[in-house]
Each structure stands twice: as structure tokens, then as C-alpha cells.
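Any read-out appearing in this document is the output of simple, stated calculations on the displayed coordinates, not a laboratory observation. Because the structure is predicted, anything quoted here is derived from the model rather than measured. When we count neighbours, we look across all protein chains shown, and the Cβ atoms used for this are built from the backbone with ideal geometry, even at glycine.
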Amino acid sequence: MPSTFKKFIESLAHVKAPGPSTTFSMFHIFLALELMAGKPIGRNKLADKLNVGDGAIRTIISRLRDTGLIQASKEGCHLTEKGSKIWKQFEEFFPQRAEIGRTELTNAEYNYGFLIKNSGHKIKSGIEQRDAAIMGGAKRAIAIVSKDNHLIIESISKDIKKEYSKAADQILKDFKPEDNDVIIIAGADTLLKAKRGAFAASWVLVDSDRKK
């Protein structure tokens, strides 16, 4: 995914001086687009789904509208052609996203996973992704890599199918990973926090091929 895409999305959530600090993040931009991709949604319902206040939702809608990603009508806010193209880029990178039930590896009250395409080579220890997930509101997170027909977790398991069969079966069923795909699963005490944590950890992998 081009770095220009990541910079564009981050710019939507960035503080624009001399205004007040924002109370939303890239995740809220992502979730707003995801919700609008389904069907038009009203401002109040959008604020409720994003769990943000009136001021924040006004700013989010204003920025998405000013950049030509959405339009507002009587039915609610919906994606424009440009907005649909941006959402398509998200879906190309994160094609599978799902809530996960409790297993040996996913034992938080709520667990949510993102599949990230062709990014296994970017995972080192998985600590960077875990830390990003926790910063995003999750309590824990794991990064699973599909490699040579095995699901592996660095420093934990070289084949989770053998050691955590229930979790492996659930992951394979929900995400259908191909070689070099990554599944990030975050756990939290609410579904929104779990999804936000999974997104934050996955976002680290966007355009992270550059050398540190």
C-alpha cells in the first residue's frame, strides 16, 4: 500500500492548528468509512457507533466531506466515488475482519482480528504490534503469521495447529490466510476497544517495509 495512502489517512486525524486537540484517531476514520460503505448512516448513529461526542463527530464528518470522501443526504452520510476508492484500498490490505470467540489463545472478554495481506515478513518479535494494540485500547494482542502452511507466533509456537488446535481451527475458518499473511488478534473488555487495538496493531504494518 503506498505511503501516500497512509499519510492521507493520518492527515485526516491530525490536529489542525490552531484548533483544539482531536479526540479521535485513524481508527475512527477507518470505522466511519467502514460503516458508510454498507449504507448511509446518520450523524447521531455514527457518533454512537464510534463512541465519540458531538464535537468529534462534527469534525470527522467535516474532514471527510471537505476531502471529498463522503456526502450527506436525508438518508445520512455515504461514500462518494473517491471515498469508495479509499475504502477499497483499506479492504485490499485488511480483507478479513471479524470478532473471535474465546479459545486457548483468545481468552479476553472480547477478541477481534484483522487479516493483513502479504505482511508476514514485516513481523519480527510481534512486540511492536502488541504495544500498538495496547496503546489503541486493547489489553493484549498476538501476531500470527501464515508460513509454509503453518500458523506461527514468533517465540511462542512454530505450529499453533498442534499446540492450540481450537484457536487454529477458528482462525483458519474466519480468515482463510494465505502464505505470508498476518492475523492480528486483540483482546479487550469491550468489542470496540478490541477492534481498535487490532486496527492499531495492523496499521503499524502499513508501509513498514522501509528500513528502520
Open item on the list: Using the crude model of +1 on Lys and Arg Cβ and -1 on Asp and Glu Cβ, and no other charge, please compute the dipole size for the chain relative to its Cα centre, in debye to 20.
Closed with: 480
Open item on the list: Can you find, among Leu64, Gly187, Phe90, the residue sitting farthest towards the positive end of the charge dipole of the chain, where Lys and Arg contribute +1 and Asp and Glu -1 at Cβ?
Closed with: Leu64
Open item on the list: Considering all projection directions equally, how large on average is the shadow of the alpha-carbon convex hull of the stretch 77-192, in square nanometres?
Closed with: 7.8
TODO: Provide Trp203, Trp87 in ascending order of the number of other Cβ atoms located within 10 Å of each residue's Cβ, fewest first.
DONE: Trp87, Trp203
TODO: Name the lysines eligible as straight-distance cross-link partners of Lys139: C-alpha to C-alpha under 16 Å, and not fewer than 8 places from it in the same chain.
DONE: Lys193, Lys195
Task: For q = 0.15 Å⁻¹, Debye-computed log10 I/I(0) when each Cα of the chain counts as one equal scatterer - done: -0.95
Open item on the list: Output the 0 to 90 degree angle, nearest 10, between the alpha-carbon long axis of helix 54-66 and the longest principal axis computed from the alpha carbons of the chain.
Closed with: 90
TODO: Sort Ile171, Ile156 so that the residue with the fewest other Cβ atoms within 10 Å of its own Cβ comes first and the one with the most comes last.
DONE: Ile156, Ile171
Task: Whichever aspartates and glutamates have a C-alpha closer than 15 Å to that of Lys39, once near sequence neighbours (fewer than 8 apart) are set aside - done: Glu75, Glu81
Task: Sorted by Cβ neighbour density within 10 Å, fewest at the top, the residues Glu128, Glu81 - done: Glu81, Glu128
Task: Relative packing of peptides 192-198, 178-184, 112-118, 57-63 - highest average C-beta neighbours within 10 Å first - done: 192-198, 112-118, 178-184, 57-63
